[in-house]
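Visitor: Starting off with a structure, shown below.
Just so it is clear, none of the values below were taken in a lab; they were calculated from the coordinates. Quick caveat: nothing in here was measured; it's all calculated off a predicted structure. Virtual Cβ from ideal backbone geometry, glycine too; neighbours counted across all protein chains shown.
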Amino acid sequence: MSDAPAAVIRPDWRAVVAFLVLAFGLAWLVAMPLWLSPHGLNDPLAAVLLPLMMTTPAIATLVTLRLVSRPATGIRRATGLRLGRGWVRVWLLAWFGTIGLVAAAPFVAAAFGAYRLDLAAFSGLTASLTRQGIDLPADGLRGVILAQLALLPLAPLINAPFSFGEEWGWRGFLLPALLPLGTWPALILSGVVWGLWHLPVILLGYNYPDHRDVGWLLMTATCVIWGVLFGWTRLATGSVWPAVIAHGALNGTAGITMALAHVDSTMDSALVGFGGVTGWLLPLLVILVLVVMRLPGMPVRERAADR
């Protein structure tokens, strides 16, 4: 038996750096017209540029794996483009679990006094529609609410084409690329990168319009927390698709906080919604449950003999 030390596996930093330069560089390039516009995020171009920005991690992944570092197992397997193992159960958790967590966020915020619900008249939604020139009778408003509720389960599918652009980068390429550092470091670092990638629009007031000075920190914390959950789906199945579904559910359900608000409620995005402090509590609780239950994909403490 040889006493030679086992080879240390390190991340392919050349590929990681190339990916980061491309993903961040392209994101800034796409967002630059909004910086040059006097209207910022209110510029009509934002409706095109924001979805386009979401494709930049996927472009960075494709270029990196084609031109910088081709995976020996093939791009499809290496980036989780297959359905993976145990995918049905995890898909359901990603799909409906994410919707449930986001939908519960306003109730958590209300419980802490950071937000005021209006489940009777939906006055916040009514005021929002009025500002858009839409004046609905009570029956019409009820129809809008029922339609939104009916569309909630479809939100992941509707948003999947856009969320794929990000998830193929963050959970498809970057998370596995960082795994040689350890599972927790990989999950956290990929979440930090995901958060900082939003800088071109966060600094313009996206998500945290009243907190431009610390919005990037709030967004980074949000992305680390949700990124651990999305990353768990990737590691548990070996597939990126549950993370795509979860990300689509997150984006597609975010408007529920506005829909349930009282017209006089404060809507401090640093406190309320999936990206606010009260919105972090339930995802953190789920992460704790995943760790305690030692479900596949979550890190467990290694024994000395296993190191």
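Visitor: Tell me which DSSP H helices of the chain clear both cut-offs, 15 Å or more of axial length from alpha-carbon atoms and a mean Kyte-Doolittle hydropathy of at least 0.0. Please report the intermediate quantities before stating the final value.
Guide: Details: long enough: 13-36 (33 Å, 1.95); 98-111 (20 Å, 1.97); 138-151 (20 Å, 1.21); 155-167 (16 Å, 0.20); 183-197 (21 Å, 1.30); 215-237 (33 Å, 1.20); 241-253 (18 Å, 0.55); 277-293 (25 Å, 2.74).
Counting only whole DSSP H runs, the qualifying helices are 13-36, 98-111, 138-151, 155-167, 183-197, 215-237, 241-253, 277-293.
Visitor: Label-point separation (nm) for residue 107 and residue 59, each offset 7 Å from Cα along Cα-to-Cβ?
Guide: So the two model labels end up 4.2 nm from each other.
Visitor: Sticking with this one: Per residue, what volume in Å³ does the convex hull of the Cα atoms of the chain enclose?
Guide: Numbers: hull volume 46.7 nm³, N = 307.
Taking the convex hull of the Cα positions in the chain, it is 152 Å³ per residue.
Visitor: Related question: Hey, how many Å between the Cα centroid of segment 152-207 and the Cα centroid of segment 91-117?
Guide: Segment 152-207 and segment 91-117 have Cα centres separated by 20 Å.
Visitor: Check which residues have an amide H placed less than 5 Å from residue 117's amide H, if you skip close sequence neighbours.
Guide: When sequence neighbours closer than 5 places are left aside, the close amide H contacts are 262.
Visitor: Tell me which trypsin sites (Lys or Arg not before Pro) from segment 41-85 have a DSSP coil assignment and no more than 13 other beta carbons within 10 Å of their own. Walk me through the numbers on the way to the answer.
Guide: On the way: sites: 66, 76, 77, 82, 85; in loops: 82, 85.
Qualifying residues, ordered by number: 85.
Visitor: Along Cα→Cβ, 7 Å out, is where each label goes; now give me the distance between the ones at residue 130 and residue 146 in nm to one decimal.
Guide: Simple spin-label model gives 2.4 nm for this pair.
Visitor: Assuming 0.36 nm per residue, please report the length gained on full extension of the stretch residue 83 to residue 210 beyond their Cα-Cα distance. Working shown, then result.
Guide: On the way: separation 127, 0.36 × 127 = 45.72 nm, distance 4.07 nm.
Here the segment from residue 83 to residue 210 would lengthen by 41.6 nm.
Visitor: Another question, if that's okay. Can you find, among 217, 176, 38, the residue sitting farthest towards the positive end of the charge dipole of the chain, where Lys and Arg contribute +1 and Asp and Glu -1 at Cβ?
Guide: Farthest along the dipole direction, towards plus: 176.
Visitor: Moving on. Quick check: residue separation of residue 50 and residue 14 times 0.36 nm, minus the Cα distance between them. What number comes out in nm? Before the final figure, lay out the partial values.
Guide: Details: separation 36, 0.36 × 36 = 12.96 nm, distance 2.82 nm.
Difference between extended and current length: 10.1 nm.
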